[in-house]
Amino acid sequence: MIPRTADGATAAGSATGPGSGATALLLAELTRNGRISLRLACSRLTTWESLLVQHVLGRGDVEFLATDPDPNEPAAPGTVTLTRSPLAGLSLWAPGEPTGPEAEHVGGLRVPAEVLDAVAEETRVFEAREAADRHEADTILRTWEKNGELDDRLARLADWVERVESVYILIGRDVFSKSDAGTNTLTRQGLLTGLRASPVDDWRPADRLFVVLAYCLFVSGRSVRFEEFNGLQLSATGLREFLLDRHAQYCAALDRGPGGASGLPLLELAQVVRELMHDVDRSELMRYRRINGLTFVKNERLLDFPLPRDPETMPELVVRHGRLNLGVEPTGDVRADLRAMTLAAVALDAAAEAAEADPGPAPPAQGAVGELLAAVVLSSIVATDADYGMSSSVRDLSGLRGVRPGSPDGVLALKKGDFFCCCLPHPSRMAEVGEETAPILWRSAQRMMYNRWHFAPGEYDRAEIPDKRHYFFPPQVPDIAEHAEHHHGGHVASRVRYTIRAPGAQVWHPPFTVFGHGYRGCYDIRLVRMEGPPFTTTELAEAVRHCSLVDELWRTLAQGLQSGTLHVPPVAGFDRSWYESRGWERLRPFGLAARTPAGADPV
């Protein structure tokens, strides 16, 4: 049912007369009581639905009818039927239009006839433009078919869909999806396989459009572009406008003129956007994504965040740990200081490994390198006021070595247990969680270990990866998410509501290269809040700065390992027993963080 509004307006249990809040109830339902913007809510509606909403909001002569319809009786003239489905949300059906077979009836809106006339007129204008843009997409598809390329392109599209976590694209009333949390029409229900087995003339118009537009989206920026239309309408006109908007933003970021992009063929425009994207990654603006867990949508944005995006000064907690526990005095050169700390930590781990029988003080359970990483993670948690945070990667860098430089066999041999996740709580913010802290952290760590395994092959050529080895393309740009607990059981169990992810190696730096192959998304900083307020871009920038420290740590280890100048033992600890025994409380940086007020000067 449509929920009660905050000001006490009548809920959807009875009819509301004109002027009594009918459109306020519609607004609350569309925006999930304000958890998504009206712009985003309208973007998932068909053209007719969106225009109707824009016409009726705020009118006092629209009446809400909450009674269930009689299937044997036609709806009253001027009545727009409202239905709801789990992922598509609210749908509005024109008078006389049959509703979807699986839709839950919510009620109806009695709309003045002149409003319905105006909406119909404006819809025709949009449809004429869409028909012209669809002609170009249809021409592309027919050319592929004529040249014998169509089956290969469909096979590639099906593979790209498998490399992204969730696809949920709407074209009119048709759903194109691939998700563990909802429907899966594209792969599990065989839509793409069925298209490969039938001539184009037998496809639905929406199928023809999806194949071309999804292909263009990938060309413009890999399969993560699919996620920019999750829970939204994808149309030929909408895609061209999306690419032109992205082209204009990129050109502005690079201080370049836009040229004649509006006249480019669709596929060529997509390719130009892809090429500009790489230049933007080295500009003064940083690409990041805003994620809404209610709709799965992940929109790319640009943040004014000049290079190099490293911390201007070493975070105080890392300074204290380096000085007190690693014997490293800061010099003011942040990366050089982190490198010195890493080398000191490796030396301690190597010495501990060589002297296991030494009766002296036992080394930290997670090793000195693991403890240094924990100092960076804790610093990021405190700096952003997160409830908990983490960083994950491979335990033993030597496991990435293939039989020949750059080959994937080392990566393909790795198991989930070959990865680790350093997941730590804020020194004080999780006190109310009590005994649930350890299970929450361990569940999150397990999920990240699995994700890291899942991402590991993602930067190799597709031909090098066995068909049965499922993987995702690893994340490359930072993101900030709200309402992450929806549609995701793991997030619910770990009370994940607001998140930040800052992956490395960062796209404005060269890939993290080890044993002849470059990687993205192979380590990170991730931050979680269980309750509001949501994170802001200020905290996102702080996470990115801390990920720069993680980046320097791993590059230092890789350089020493490959050159033979360092013996780098695997990272220990951070396993089930470590979490169950509350191992984070034995971390020396955790003690420092608990005793050091935020903003204190480093010693």
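The simple Förster model, with R0 at 60 Å and r as the Cβ-Cβ distance, assigns S577 and R124 a FRET efficiency of 0.35.
Karplus-based coupling profile of the range 416-425, in residue order and whole Hz: 4, x, 7, 10, 9, 9, 8, 10, 10, x, with θ = phi - 60° in 6.51 cos²θ - 1.76 cosθ + 1.60 and x standing for Gly or Pro. With Cα atoms as the point set, the radius of gyration and Dmax of the range 524-564 evaluate to 14.7, 48 Å.
Extension gain, R586-D202: 0.36 nm per intervening residue step, less the Cα-Cα distance, totals 131.7 nm.
Hey, got the dipole for the chain? About the Cα centre, +1 on K and R Cβ, -1 on D and E Cβ, debye to the nearest 20? It would help to have the intermediate numbers written out before the result.
Details: 64 positive and 80 negative charges, 204 e Å.
That gives the chain a dipole magnitude of about 980 debye.
Mean separation of Cα pairs under 8 Å and 6 or more residues apart, divided by the residue count, gives the range 159-296 a relative contact order of 24 percent. Compactness of the range 272-423 is given as radius of gyration and Dmax, 19.6, 64 Å, from Cα positions.
What the Cα atoms of the range 395-511 give is an Rg and a Dmax of 16.6, 51 Å. Take every Cα pair under 8 Å whose residues are at least 6 apart in sequence, average their separation, divide by the length of the chain, and the relative contact order is 11 percent. Overall, the range 531-586 carries a charge dipole of about 240 debye about its Cα centre when +1 sits on the Cβ of Lys and Arg and -1 on the Cβ of Asp and Glu, all other atoms neutral. Scaling the Cα radius of gyration of the range 267-350 by the globular reference 2.2 N^0.38 Å produces a ratio of 1.65. Peptide packing: for 165-173, 186-194, the average count of neighbouring Cβ atoms within 10 Å per residue gives the ranking 165-173, 186-194, highest mean first.
Every pair of different Cα atoms in the range 107-188 enters the Kirkwood calculation, which places the hydrodynamic radius at 16.2 Å. For the range 452-563, a crude dipole built from +1 on the beta carbon of Lys and Arg and -1 on the beta carbon of Asp and Glu, taken about the Cα centre, is about 200 debye to the nearest 20. With N the number of residues in the range 28-187, Rg(Cα) / (2.2 N^0.38 Å) evaluates to 1.24.
Selection among S444, V53, P408 by position relative to the dipole of the chain gives P408 as farthest towards the positive end (Cβ unit charges, Cα centre).
Using all pairs of distinct alpha-carbon atoms, the Kirkwood hydrodynamic radius of the chain works out to 26.6 angstrom. Which percent of the accessible area of the chain is formed by carbon and sulfur heavy atoms (probe 1.4 angstrom)? Carbon and sulfur together cover 53 percent of it.
Computed from backbone phi, the HN-Hα couplings of the range 236-252 come to 4, 5, x, 5, 4, 5, 4, 5, 5, 4, 5, 4, 5, 5, 5, 5, 5 Hz, rounded to whole numbers (Karplus: 6.51 cos²θ - 1.76 cosθ + 1.60, θ = phi - 60°; Gly and Pro given as x). In the context of the full set of protein chains, residues of the chain present 42 Å² of accessible surface per residue (probe radius 1.4 Å, heavy atoms only).
Farthest towards the positive end of the charge dipole of the chain, among the residues A270, P570, V394, is the Cα of P570, using unit charges on the Cβ of Lys, Arg, Asp and Glu.
Among residues other than V219 whose Cβ falls under 12 Å from its Cβ, what is the net charge (Lys/Arg +1, Asp/Glu -1)? Can you show the working numbers first?
Working: positive: R153, R156, R222, R225, R274; negative: E268, E275.
That works out to +3.
Summing charges over neighbours of R290, with a neighbour being any other residue whose Cβ is under 13 Å away from its Cβ, gives +1 when K and R count +1 and D and E count -1. Calculated mean residue ellipticity at 222 nm for the chain: -13000 deg cm²/dmol, from DSSP H runs with n ≥ 4 weighted as -39500 (n - 2.57), summed, divided by the residue count and rounded to 500. Tell me the GluC sites (Glu not before Pro) within the range 242-293 that lie in a loop according to DSSP and have at most 16 other beta-carbon atoms within 10 Å. The qualifying sites are E284.
Taking the charge dipole of the chain about its Cα centre, with +1 at Lys and Arg Cβ atoms and -1 at Asp and Glu Cβ atoms, the residue from N33, F242, S166 reaching farthest to the positive side is S166.
The values are calculated or read from the model by the stated rules, or taken from the named source; none is laboratory data. Since we're looking at a predicted model, the values are computed, not measured. Note that each Cβ is placed from the backbone with ideal geometry, even for glycine, and that neighbours are counted across all protein chains shown. Heavy atoms of the whole protein, side chains included, go into the accessibility calculation; ligands, DNA and RNA do not. Shrake-Rupley method; radii C 1.70, N 1.55, O 1.52, S 1.80 Å.
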